[in-house]
Amino acid sequence: QVQLVESGGGLVQAGGSLRLSCAASGRTFSSYARGWFRQAPGKEREFVAAINWSTSYTYYADSVKGRFTISRDNAKNTVYLQMNSLKPEDTALYYCADIDRVTYYSADYASFKYDYWGQGTQVTVSS
């Protein structure tokens, strides 16, 4: 069982930055990819970004491309989401997710069904 713990959320003004962290622990020996999702009030959960654990290939939602950067630290078993130029529309509960294996290969990491989820960390962007 994989446990994911997010941190780094908070309140920030529009145009500001935050860095989210997702630390993993548990009995798994590998991960195919780690991703970030978010859910705002009244909206469905949406994909934000993901990174392949082995290759560092990254994939971003169009809404955050150019503003957000996902990265990983193998030694710490941690994935990060650097969020710059934040907008009020970015306000949401951000979740970290992990997928151990895939049955097909796709460049669209939003298409995968992730296996493990954290509790989320709140990001609030004020105007």
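The values are calculated or read from the model by the stated rules, or taken from the named source; none is laboratory data. Keep in mind that this is a model prediction, so the values were computed, not measured. Every residue, glycine as well, gets a Cβ built from its backbone with ideal geometry; the counts of neighbours run over all protein chains shown. All accessible areas refer to the heavy atoms of the entire protein, side chains included, with ligands and DNA or RNA removed. Shrake-Rupley method; radii C 1.70, N 1.55, O 1.52, S 1.80 Å.
Applying the criterion of being at pLDDT 95 or above and out of contact with any strand residue (DSSP E or B) (no Cβ under 7 Å at 6 or more places or on another chain) to the residues of segment 1-33, the residue that is most open to solvent (accessible area, probe 1.4 Å) is G15.
From the list W36, W53, exactly one residue is at pLDDT below 95, hydrophobic (A, V, I, L, M, F, W, C) and farther than 22 Å from S127 by Cα. Which is it? I'd like the intermediate steps shown before the answer.
Details: W36 fails: at pLDDT below 95.
The match here is W53.
Listed by position, the strands (runs of 3 or more DSSP E) contained in segment 49-127 that have at least 3 residues being within 15 Å of R19 (Cα to Cα) are 68-73, 78-83, 92-99, 121-126.
Restricting attention to segment 61-79 and to residues that are of a type outside the set (D, E, K, R), modelled with pLDDT under 95 and open to solvent by 70 Å² or more (accessible area, probe 1.4 Å), the residue that is nearest to the chain's Cα centre (by Cα) turns out to be N74. Annotation: of all residues in segment 41-60 being of a type in the set (A, V, I, L, M, F, W, C) and open to solvent by less than 20 Å² (accessible area, probe 1.4 Å), the one that is nearest to K87 (Cα to Cα) is V48.
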